[in-house]
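Bear in mind that the values in this text are calculations on the coordinates, not laboratory data. Computed from a predicted structure; not experimentally measured. FYI the Cβ positions are ideal-geometry reconstructions off the backbone, even for glycines, and counts take in every protein chain you see.
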There are 2 protein chains.
Amino acid sequence: MRTEYCGQLDLSHVGQKVTLCGWVNRRRDLGGLIFIDMRDCTGIVQVFFDPDQQAAFDKAYDLRNEFCIQIVGTVRARPDSQINTEMTTGEVEVFAHALEVINHSEPLPLDANQVNSEEARLKYRYLDLRRPDMAGRLKTRSKITSLVRHFMDSHGFLDIETPMLTKATPEGARDYLVPSRVHKGKFYALPQSPQLFKQLLMMSGFDRYYQIVKCFRDEDLRADRQPEFTQIDVETSFMTAEQVREVMEKLARELWLEVKGVDLGRFPVITFEEAMRRYGSDKPDLRNPLELVDVADLVKDVEFNVFSVPANDAKGRVATICVPGGAQLTRKLIDEYSAFVNIYGAKGLAWMKVNDRSAGLAGVQSPIAKFLDADVLAAILARTNAQSGDILFFGADNIKIVTDALGALRLKLGRDLALTKLDSWAPLWVVDFPMFEEDGEGGLVAMHHPFTAPCNMAPEALASMPTNAIANAYDMVINGYEVGGGSVRIHHGEMQQTVFSILGINEHEQREKFGFLLDALKYGTPLHAGMAFGLDRLVMLLTGTDNIRDVIAFPKTTAAACLMTDAPSFANPAALQELAINVLKKTDTSQENE
Amino acid sequence: MRTEYCGQLDLSHVGQKVTLCGWVNRRRDLGGLIFIDMRDCTGIVQVFFDPDQQAAFDKAYDLRNEFCIQIVGTVRARPDSQINTEMTTGEVEVFAHALEVINHSEPLPLDANQVNSEEARLKYRYLDLRRPDMAGRLKTRSKITSLVRHFMDSHGFLDIETPMLTKATPEGARDYLVPSRVHKGKFYALPQSPQLFKQLLMMSGFDRYYQIVKCFRDEDLRADRQPEFTQIDVETSFMTAEQVREVMEKLARELWLEVKGVDLGRFPVITFEEAMRRYGSDKPDLRNPLELVDVADLVKDVEFNVFSVPANDAKGRVATICVPGGAQLTRKLIDEYSAFVNIYGAKGLAWMKVNDRSAGLAGVQSPIAKFLDADVLAAILARTNAQSGDILFFGADNIKIVTDALGALRLKLGRDLALTKLDSWAPLWVVDFPMFEEDGEGGLVAMHHPFTAPCNMAPEALASMPTNAIANAYDMVINGYEVGGGSVRIHHGEMQQTVFSILGINEHEQREKFGFLLDALKYGTPLHAGMAFGLDRLVMLLTGTDNIRDVIAFPKTTAAACLMTDAPSFANPAALQELAINVLKKTDTSQENE
């Protein structure tokens, strides 16, 4: 039905007779001619109709925006004066001899040439996707998955599908459940990840597995979460954590090179402990030059309880961020930063402007200067390498509050003061996470998941000192986003049972939920390790958007609804009867729409 | 952790020091040496331990089948007398210097070297997958998906993901429902196919889409069905049915060439009408040379009501199959075929042995010969081209019964008498299906799906004579299996509403279920057409198995259960409470296990 695509016409086609299919992007009548910007999936070209070709001209007269048309015409070079350098096809135009209207269009319920309200974009998704930037992001997504598959294929990974209708596993988030009709009263769960299946594939001897796969979490959604998301899922046998990281880092480098033309270089590797200490985050944005500097040892003896009490407490922390040029901040702005850290539990934000570094106490301006003597000040200035014109912000409290507050402040200062190089890329690996963290109710939860192996630790040692255990786990972080994470897995039944016990899962529950895993571990399980990338987030980074809905063709709202199809919807009562389930309470639809 | 794979060692490695990881496939003690067949994902190699290397020898002494091990050794050429031509690595062996036991194994609960009961295979799937033929099928599956993706990429198709949590659509099968926690009382449905989403992508202008995607049907399962299955899903804009078929046929040819080394050639195209008439099936196995031959016009006037009544009825059919060499069939076998066609509603199976074609009525042996005169007999023999030694089987009843019964008999005779060339490939396209078929309750159902366009028919004509309408639909059939199907889609709202009305969907229901589709059709929908392949079935054909569970890593039973993980399972009551649903009836677990 066509010989060429609109967006691919150039001077090499001049004189050729072409057939094009596409949409009327815009129509203008000018000097007795009709001009159409005609759009297809490759771009836009100008088509014009001359009254000399009367049949086509008459039909063109009735064209409106978004009509779907087929034209036959001849490609011409535009006169120099009409060349449009902003269009890739701007040197040519098509003189139409014939026109077929494939379909009419009513006026669109949204403006095709601008970004509409999020609600309109989701309701008329098929129209929103006509915008070239939206279409471009999905094209880039397709290119990325194609690159990933090509990379994995060429590195010997097998693409193996795992089930979608599976058993509930406690991966931390809530499962989506699917009632069974055959086994009434029972439910499948949609997978939060193929974790156990990919481990079982290693036990089967498959050695290198990957899959690009939908995963599901029934969580209250944030702006960057969707109920269903896509994971690049990888597992290997007989490879160390370092070897897995090397392959995965190579994949990321190839993606950035192919999609962005950027060489990410070798990724630095830092420990979780170092990341929290220097950046106040386990996913530090290294484009931001600011760092947290610990000063507790310098302020142990000052007559300022806010500093000296946490400085002398094993669970306390006193740290500072030195902001270059920050002495120019107004009192109002400083108060705003103080209010900002309150969100993270910090009771206040001590600060010190370094007006003249060489002048000692006389050279600084600070509400806390009076508590510091010259030696302490000199030591702080020396350690932070503060220069005249800088400001120091201090956090002093328990470790978590100081780390969280200064970590968040670091990011905000980086953005506000344009210190973070937004046009650069800063990848890294964070490794050596704690195995467990406290759940706030006296128990422990797995920081990654309960199948993660500790670094060189026997089951007995792990059981006796679980909070000291370091997991053989790793996260890939780029520009402050965790794009992927993985670990070496437990490959001995005894270790697996020990971890379950530490997590408070008793033997009965272990059998019921993980009996198949514990059985499988009896039959020669290999050493295995793997990783999973969040594809949606990777695409967001590579297409420069912070809206996850921009990289998904048919996304859901933060209330997990599809505004286009009106899913979810009420079920047919007969269907529910077949499933032997009963709805106890219906959400008030009027509330829902608010 | 390794330098080579077991299955890849050959004479080129002789003298090299290698490190291997894998499993003990078999162990033998012979002449003071210990021999291990060591297995990894690539194959098996022989490793031997000599008492001179005492540490390794002592450890090897404790090895049992399926221990996971790492060895360091030197590759040696085997003496001529010990070359094993049945192993790809049979010309070499590895002399082990060092051995590490990565993991022990208990004796397996099934025999790793033979095919076990289906139940054991499913319960211990991770062990069943260790068998090289099972692993080989999944490797072939991975190769097939990789070939498909490469083909689609190189033909300009974009891989775009469509939602898994979506709205119930009436595609003929029962939906799996997923209760919503946020919108209590409402449900998502898992997709039976991405049909409407891919059509919407065409309306968005994406032009060429594909996806390899999980689909779901909550049907009572047969041996070749699974509740979740995988579809190669394709849609295009501005392409005719012929152009879509050409691309898809090229894909199939490439798959067969790459995987089987077979050139399928050009696929013949036959209409549904011809397929039913000549083969009694809409998915004929053309490896079978037998055909149905209509003879109603020849027997209209015979004094045998069984023939003459249907021969004179517009809804009747009289047809015959001529079986070369079939005159040798015993009376007992003929009776068995007669019983066989009863299954399809045929009341009997008339037959005629052609002992001597040249002898007229005297040359045939048949219970019905007495009803036929010489002219009728001669006409039947001429039309069927029956030769001496053949047998004719006759069906006479309404069209459906004759077609179904003789279609099934044709397949059975082809197999039983080894007439079907099982080692050959016979692809074809079946086209021009009826738009609608009767649902047996006075209504009509769509033969493909309600979004299929008729061949050149206006909405009014369709509404007035729906049962005459031919759909612009096509199925790809290979060796009697429908491997894929597709159609040109409806791209006008009026036609879509007409089809809905013919299917008995009233306007209110149309808005409620398909409002978004009817809205989308208002805004310049392009001509579009597509296709979907059943990946599981393609892999079955390409790996030579008729058990769908052999091509799926973790399949379900015909009762839709996973014997390995015990899915589905009872849900946490708190989870059900959050979903505001209540289980009315629990399946008795004791019954379930029967």
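Annotations
- Average other protein chain Cβ within 10 Å of Cβ, residues B:200-210: 6
- Karplus-derived HN-Hα couplings along region A:8-13 (A = 6.51, B = -1.76, C = 1.60, θ = phi - 60°), whole Hz, x at Gly and Pro: 9, 6, 8, 4, 5, 9
- Copy-to-copy label separations for B:Ser424, where each label sits 7 Å from Cα toward Cβ, in nm and ascending: 7.0
- Cα-based shape type of chain A, given that a ≥ b ≥ c are square roots of the gyration tensor eigenvalues and the cut on a/c is 1.5: oblate
- Region B:56-139 shape via C-alpha gyration tensor axes, a/c threshold 1.5: oblate
- Residue-by-residue Karplus 3J(HN,Hα) for region A:479-491, coefficients 6.51, -1.76, 1.60, Hz, glycine and proline x: 6, x, 9, 7, 8, x, x, x, 6, 6, 9, 5, 10
- Average Cα contact separation per residue, region A:6-103, under 8 Å, 6 or more apart, as relative contact order %: 34 percent
- Per-copy distances of the A:Arg511 label point, shortest first, in nm (7 angstrom along Cα→Cβ): 5.8
- Those trypsin sites (Lys or Arg not before Pro) in region A:134-235 that DSSP places in a loop and that have at most 12 other beta carbons within 10 Å: A:Arg222
- Taking region B:306-416 and dividing mean pair separation by its residue count, relative contact order in percent (alpha carbons under 8 Å, at least six apart): 41 percent
- Taking region A:293-310 and a reference point 7 angstrom along Cα→Cβ of A:Ala382, the backbone N atoms nearer than 18 Å belong to A:293-302.
- Theoretical FRET efficiency, 1/(1+(r/R0)^6), r = Cβ-Cβ of B:Trp425 and A:Asp29, R0 41 Å, to 0.05: 0.10
- Efficiency of FRET from Cβ geometry, A:Asp375 and A:Glu273, R₀ 30 Å, rounded to 0.05: 0.55
- In sequence order, calculated HN-Hα J values of region A:197-213 (Karplus, 6.51, -1.76, 1.60; Hz; x Gly/Pro): 5, 6, 5, 5, 5, 5, 5, 7, x, 6, 6, 9, 10, 8, 7, 9, 9
- Comparing Cα centroids, region B:292-309 and region A:209-237 end up 64 angstrom apart.
- Shielding by partners - mean other protein chain Cβ count within 10 Å, residues of A:25-34: 0
- Shape category assigned to the protein assembly as shown from the gyration tensor of Cα positions, a/c cut at 1.5: oblate
- Charge dipole magnitude, Cβ of K and R +1, D and E -1 - region B:298-449, Cα centre, debye nearest 20: 520 debye
- A Cβ-based charge dipole, computed about the Cα centre of region B:1-61 with Lys and Arg at +1 and Asp and Glu at -1, lands at about 160 debye.
- Loop GluC sites (Glu not before Pro), region B:384-457, which have at most 14 other Cβ atoms in a 10 Å radius of their Cβ (DSSP): B:Glu441
- Basic side chains Lys and Arg get +1 at the Cβ, acidic Asp and Glu get -1 at the Cβ, and with that the dipole of chain A about its Cα centre reaches some 420 debye.
- Above-threshold pairs, the threshold being 20 Å between Cα atoms, out of A:Lys332/A:Lys353; A:Lys186/A:Lys513; B:Lys283/B:Lys400; A:Lys412/A:Lys556; A:Lys167/B:Lys167; A:Lys214/A:Lys586: A:Lys412/A:Lys556; A:Lys167/B:Lys167; A:Lys214/A:Lys586
- Mean per-residue shielding of peptide A:118-126 is 3, counting Cβ atoms of other chains within 10 Å of each Cβ.
- Sites matching trypsin sites (Lys or Arg not before Pro) across region B:326-382 that sit in DSSP coil, with at most 14 neighbouring C-beta atoms within 10 Å: B:Lys347
- Expected 222 nm ellipticity per residue - DSSP helices of 4 or more, -39500 (n - 2.57), all of chain B, to 500: -9000 deg cm²/dmol
- Among B:Gly363, B:Met38, B:Ile505 the positive-end extreme of the charge dipole of chain B (Cβ point charges): B:Met38
- Of interest is the spacing of the C-alpha centroids, which for region A:534-549 and region A:129-175 amounts to 13 Å.
- Approximating the spin labels as points 7 Å out from Cα along Cα→Cβ, the A:Lys586-to-A:Arg222 distance works out to 3.5 nm.
- Label distances, nm, A:Gln328 versus same residue in remaining copies, Cβ-directed 7 Å point: 10.2
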